[in-house]
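Data first, discussion second: the structure below is written as structure tokens.
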Amino acid sequence: MRKVRIAVLVSGGGTNLQTLIDAIEKGDINGRIEAVISDHEGAYALERAKKHNIKAVYINRNQLSENLLPELQKLNIELIVLAGFLSILDRELVKAYEGRIINIHPSLIPSFCGKGFYGEKVHKAALDYGVKVSGATVHFVDEGTDSGPIILQESVPVYIEDTIETLAARVLQVEHKLLPAAVGLFCEGRLCIVGRKVNILKKEV
Ligand code: GAR
């Protein structure tokens, strides 16, 4: 089967990117990361890419509108994965890649998501609210913020003694499982969007 051409967009450390690289190197995902693109010049995720001989591209946040879509098209990218990418994508790009952009979010959507909820802010909001469970969500991206059809979700417990750091670490463990799983399903052609729902098709035998 031909490998799906993937671009991973990142802003930070890139532990989720690393799980994708590892899963691909193990042969668990029928895809190939053609480029890692960051809106932060110093993002450690770019170093992770270089260590694995993956093209690492920095695009200034102010130039994303002009430069991101052409870069993706030049590389014939078929799937975009947002792995801790903190800039908002242009409408035009979201339209061009409808049903082909996957995002990971560190809460159980629709809780603690949308504008302003990213990274540690999500965990702080969950702790401040006093929820007993949080978790991670992988979803397709639509024109809203964190509002597209959900692919996979998994919960984690929240304990009274949790800090932002301990909760983030517990959620991150789940993220590292869900993101490669969702990308793997996409690359096998097993994700079917029906309205707001994602139907996961059975593996062909
Ligand atoms: C992850 O927790 C991811 O869910 C979150 O940023 C972190 C990136 O970590 N994304 C968002 O908050 C998007 N709204 P990483 O760089 O180690 O993969």
### Query
Going through segment 127-141 one residue at a time, which ones are within 16 Å of the ligand (Cβ to nearest atom) and not polar (S, T, N, Q)?
Leu127, Gly135, Ala136, Val138, His139, Phe140, Val141
### Task
Mind counting the residues in segment 6-23 that are under 10 Å from the mean Cα position of the chain (by Cα) and near the ligand (Cβ under 7 Å from one of its atoms)?
3
## Note on the structure
Per the filter on segment 151-177, residues open to solvent by 50 Å² or more (accessible area, probe 1.4 Å) and farther than 21 Å from Asp128 by Cα are Gln153, Gln173, His176, Lys177
### Query
Quick one: would you say Ile24 is more than 30 Å from Val158 (Cβ to Cβ) and of a type outside the set (D, E, K, R)?
yes
### Query
Scanning for something within 12 Å of the ligand (Cβ to nearest atom), more than 17 Å from the chain's Cα centre (by Cα), of a type in the set (S, T, N, Q) and modelled with pLDDT of 95 or more, does segment 93-111 turn up at least one residue?
no
## Note on the structure
Note on segment 25-51: residues open to solvent by less than 40 Å² (accessible area, probe 1.4 Å), away from the ligand (no atom under 12 Å from the Cβ) and either under 18 Å from Gly184 (Cα atoms) or in contact with a helix residue (DSSP H, G or I) (Cβ under 6 Å, 6 or more places away or on another chain) (or both) are Ile29, Asn30, Gly31, Ile33, Glu34, Ala35, Asp39
#### Entry: Which listed residue, of Leu167, Leu152, is farther than 30 Å from Val4 by Cβ and in contact with a His (Cβ under 9 Å, 6 or more places away or on another chain)
Leu167
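The values are calculated or read from the model by the stated rules, or taken from the named source; none is laboratory data. Here the structure is a predicted model, which means the values were calculated and not measured. Reconstructed Cβ throughout: ideal geometry from the backbone, glycine too, with neighbour counts over all protein chains shown. Keep in mind that these areas ignore ligands, DNA and RNA; they rest on the heavy atoms of the full protein, side chains included. Shrake-Rupley method; radii C 1.70, N 1.55, O 1.52, S 1.80 Å.
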